[in-house]
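Data first, discussion second: the structure below is written as C-alpha cells.
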Amino acid sequence: MTSHLNYVLIGQGNWVRKLAEGLRDTGFPVQEVPLDSARSALNWEALRRIRAADVVVRVGFRPGARTWRGRAFDGALRIFGRRAISVCYWIGTDVLNFTDDLSHGAPAAGWRSPALAVDHHLAGSEPLHGELAKAGIAASVVGFPWRTVQAPTDPPPFPEQFTVLTYIPDGRAEFYGGPVVLEAARRLPGICFEVMGGEGIWAEDPPENVHFRGWVRDPAEAYASSSCVLRIVRHDSIGGTAVEGLLFGRPVLYSQELDHTMKVEPTPESVTQALKELSCEWKAGRLNPSAENARWASRTFDPTRRFELLGQHLAEISGLPRPPRLSYITLQATTEGQAAHAHVHEIVKGLAAAGWSVRLLKPKYGQGSPSAASRLVQFGLIQGRAITSVRRGDAFYIRSHFAAWPAALLAKVLRVPVVQEVNGPHEDALVAWPGLRRIRPLVERANRSQMRSADAVITVTPQLVRWLRLDAGVERGHLVSNGADVELFTPHAPRREDLPDRYVVFFGALAPWQGIDIALEAASSQLWPEDVSLVVVGDGQLRDLVERKSDGSHIIYLGRQPYAEIPGLVAASLVSLLPMASSAQDRGQNSTRDHTTSGLAPLKLFESMACGVPVIASDLPGMAETISSADCGILVEPGSAMSLAEAVRQIANDPARAAEMGRHGRESAVDEHSWRSRAADTAEVLTSVVSRSSLHHATELEEA
C-alpha cells in the first residue's frame, strides 16, 4: 500500500530516529533526517531525501519558529519539499512554543503562515489536540509511540524506605519542576528522593535526602526500587516517566491529567501534601503496587500497536485531499473577558475541530489606547496578510467592519469565497466610535458593499436577518446565534467564599444600554428582598455610578474579574440580571439603534443559562424568544426598575421554581446553545459556500 511512496521524517534528532526505527520494525518504510544541528539539515543527502519525498513529516519542529534556524528550515522545505504532502506531528513542547509565539503576536513569522501551509496535522495526545484547536489548528489524535522500559509481569514490591523517583534533566530543571522537588524534599527529610536525567548541577545546596543518578540508560531498576513516581512539568503531552511508573504498578503523582494517576499542582505545598498522604498510607500498609494500573498502561501504551497506528494514519494521509484553509479576519481588537473575544476564539476553535485549518488575523496593539494611525496600519497589515497568502480552495471569514472593505473587494476579484459575520446594524460602529458620524454615509456604503458582495452572511438574531434584507437587499442571511462554553460555565463551577449566601449577579460591560442603572435603582427599592444582595462584575462608562452606589454589603462591586472566575460567580447566584434598554438612545447614547429592530442575543444570556441559574431579562426580541422557549427565566418591561425588583422577589421567594428554571436553562444551553453547535452551524455555511464556489469554477473551466 505504501511501498511506492517515499516517507521522510524530519525534526528533533532523538525522536525522529526512534520513530523511524519503530515504524520500520512494523514494516512501514521511512527515511529520516534528524536535525541535530544546522549542518545535519543542510547536507546534500538530507536535501536529496526531502526533494525525493512524497510525504514529509515534521516531528517536534514547529512551523513558523521565529529563530533563524526555524525560518531557514521552513524556507528549505518550501523549496525542496514543495511537491510533497506535508504533515506536522506535534509531540509536546513544540505546541507550547507555538502557542507562545501566538501570544507574542507572531502567528505567521512573516506574510505567510507556515502552520497553515502544512497539509495535515497530527497531535500526539488529546491534551495537545485541545491546545492546537484553540490556536486554530485542526489535528487528528495519533498517540505518540515510544519504546517503554521493560516491566516485569507482576509489579515488584515496594522498597523498605519510602522513595520518590522523578526525572529532572540538568538543562531544563525549572521546566521539570526542579525547585519544587527540592523544596518538597526539604520539608520531608524522612523521604528519599531519587532524581534521574541529570547530575543536579543546577541545584544549590540540595538536601541530603536527594540523590542525583545522572542519565540512566535502563531505568527498570530505578522504578522497581521506588515507592512512587513524581512528574512535575510545566507542559506535557503524556510523560514517559508517568507511563513507566504505571507499568511498574507505582502510584504516580502528575501535574497533568492522565487516567490512573493522581493530579497534583506544581507547587511545593501541593507536592508535599500529596507525598505526606502517600507515605502515611505506605506506613499503614494500605499502599500496594497496582497490577490493574500496570495492565492498563501496558494495553494503552503498547508501542507496537501505536507504531502500527501511526503507519496506518500516514498511509491514509497520502490519499487524502488537503484540508480547507480559512482566514478569519477581525479588525476589532479583543481582550479576554469581552464577549467578542469569546465569540471569535470559540468559533475558531470549533472550526478547527470540524476539520478547517484556521488562520486568525487580528490587530496587535501595545499598551494603552492605539492611535488612529496605528489602527490604520494594523488594518492594512491584516488584510495584506490575508490576500498575499491566499490559494485556490481558501475562504475568508470576515467579522463585519467597514474598514475590511478592501479585503472583501480583492477577494471578489480573486474569486475567494467570503462569509461575512454581522453582529449589529451600522449604528453599532457609531456608538463605539462617535467620531465616525462625520463619515456616516461612507461607513454605511462600505458595510452594504461587503454584505452584498459576500457569498453568505451570518447574523446572530432573526431580527438582523430581516434587517439585512431591508437595508442591503441581502437574501443570503444565515442565523448562527451566540453561545456559551458549557464546559466552563457549569452549575458546579467553584463558588467564591467571600460573597453573601443570597445574591443576584450583573456581569458584563457597564454601558448605559446594558441597564446597570436600572439594576441599581431596583436594588434600592422597597420591593427588593432585604436578604438579597446585588453583585456587580465588570467595567465601563458607568463604573463611577456603580462605585458610588456600592456599600460593600447590599450592593457589592467586584470590578473587572478574570474570565475563568465568572462561572463561579454566576453559578452561586440566585439569578442573573440582563435588564437591557430598548435602545442605546434611551440610556443617554447619541444613537438611534433600536434593539426591537436588531434583536439581542448577548453571550451572558447563554452563559447564565449554562450555569443553571434563572435569568431576569428585558422583554426584547431575541432574548425573549430564547427565554420563553426554554422556560428559564422571567421577562420584565425594559427600563422598569420596579418590574425588575418584583421579579427578583419572585425568584427569591420560590426556590423550587427557580431551580426548575435553572435546570431548563442548563439543558437548553447544552443541547442548543453550545459553542460547539454554533461552530458546526458556521462550518456548514462555509462548506456550502466553498463547494458552490468550486462547482462554479469547474463549470467555467468546462465552458472555456
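The values are calculated or read from the model by the stated rules, or taken from the named source; none is laboratory data. Quantities reported herein were computed from a predicted structural model and do not represent experimental measurements. Using ideal geometry, Cβ is built from the backbone for each residue, glycine included, and neighbour counts are taken over all protein chains shown.
Residue-level analysis places Ala509 among those that are in the same structural domain as Pro602 (by TED's automatic domain parsing) and part of a loop (DSSP other than H, G, I, E, B).
Quick grid of which residues meet (1) at pLDDT 95 or above; (2) in a strand (DSSP E or B); (3) of a type in the set (D, E, K, R); (4) out of contact with any strand residue (DSSP E or B) (no Cβ under 6 Å at 6 or more places or on another chain):
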| position | (1), (2), (3), (4) |
| --- | --- |
| Ser591 | no, no, no, yes |
| Thr596 | no, no, no, yes |
| Leu600 | no, no, no, yes |
| Ser608 | yes, no, no, no |
| Ile616 | yes, yes, no, no |
| Ala624 | no, no, no, no |
| Pro638 | no, no, no, no |
| Arg657 | yes, no, yes, yes |
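Residues of the range 231-254 include at least one that is closer than 22 Å to Phe158 by Cα, aromatic (Phe, Trp, Tyr) and in contact with a Phe, Trp or Tyr (Cβ under 8 Å, 6 or more places away or on another chain). So for the range 183-199 (the condition being surrounded by 16 or more Cβ atoms within 10 Å (Cβ to Cβ), in a helix (DSSP H, G or I) and of a type in the set (A, V, I, L, M)), does at least one residue qualify? Checking the range 183-199: at least one residue is surrounded by 16 or more Cβ atoms within 10 Å (Cβ to Cβ), in a helix (DSSP H, G or I) and of a type in the set (A, V, I, L, M). Out of Ala572, Ala509, one residue alone is of a type in the set (A, V, I, L, M, F, W, C) and at pLDDT 90 or above. It is Ala572. Closer than 30 Å to Ser369 by Cα and either more than 30 Å from the chain's Cα centre (by Cα) or among the hydrophobic types (A, V, I, L, M, F, W, C) (or both): is that true of Ala340 in this structure? Criteria met by Ala340. Among the numbered criteria (1) assigned to a loop (DSSP other than H, G, I, E, B); (2) in the same structural domain as Trp296 (by TED's automatic domain parsing); (3) among the hydrophobic types (A, V, I, L, M, F, W, C); (4) surrounded by 19 or more Cβ atoms within 10 Å (Cβ to Cβ), which one does Phe175 miss? For Phe175, the exception is condition (4).
Residue pairs whose Cβ atoms lie under 9 Å apart, separated by 6 or more positions or on different chains, with the first residue in the range 401-425 and closer than 19 Å to Phe379 by Cβ and assigned by TED's automatic domain parsing to the domain that holds Val457 and the second of a type in the set (Phe, Trp, Tyr) and part of a helix (DSSP H, G or I), are His401/Phe379; Ala403/Phe379; Ala404/Phe379; Pro406/Phe379; Val422/Trp467.
Remark: pairs (first residue in the range 364-377, in the same structural domain as His341 (by TED's automatic domain parsing) and part of a helix (DSSP H, G or I); second residue among the basic types (Lys, Arg) and at pLDDT 80 or above; Cβ separation under 7 Å; 6+ apart in sequence or on different chains) are absent. Of Ile518, Ile458, all but one fail to be hydrophobic (A, V, I, L, M, F, W, C), crowded, with 21+ Cβ neighbours inside 10 Å and outside the structural domain of Ile347 (by TED's automatic domain parsing); the exception is Ile518. Condition first: among the aliphatic types (A, V, I, L, M) and either touching a strand residue (DSSP E or B) at 6+ places or on another chain (Cβ under 9 Å) or buried (at least 22 other Cβ atoms within 10 Å of the Cβ) (or both). Now tell me which residues in the range 59-94 satisfy that. Hits for the range 59-94 are Val59, Leu77, Ala84, Ile85, Val87, Ile91. Considering the range 482-517 alone, what residues qualify as being more than 24 Å from Pro655 (Cα to Cα) and of a type in the set (A, V, I, L, M)? Across the range 482-517, the qualifying residues are Ala484, Leu488, Ala509, Leu510, Ala511, Ile516.
Let's see how each residue does on (1) surrounded by 20 or more Cβ atoms within 10 Å (Cβ to Cβ); (2) not in a helix (DSSP H, G or I):
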residue	(1), (2)
Ile439	no, no
Arg445	no, no
Gln463	yes, no
Arg466	no, no
Arg469	no, no
Glu475	no, yes
His478	no, yes
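Listed by position, the helices (runs of 4 or more DSSP H) inside the range 1-115 whose residues that are at pLDDT below 80 and outside the structural domain of Thr335 (by TED's automatic domain parsing) number at least 3 are 38-42, 44-52, 68-80, 93-103. For the range 180-189, the set of residues classified as in contact (Cβ under 8 Å) with a residue 40 or more places away in the chain and either over 19 Å from Gly214 (Cβ atoms) or of a type in the set (Gly, Ala, Ser) (or both) consists of Val180, Glu183, Ala184, Arg187, Leu188, listed by residue number.
State which residue is modelled with the highest pLDDT when the search covers only the range 419-437 and only residues that are in a helix (DSSP H, G or I) and among the aliphatic types (A, V, I, L, M). So the residue we want is Leu436.
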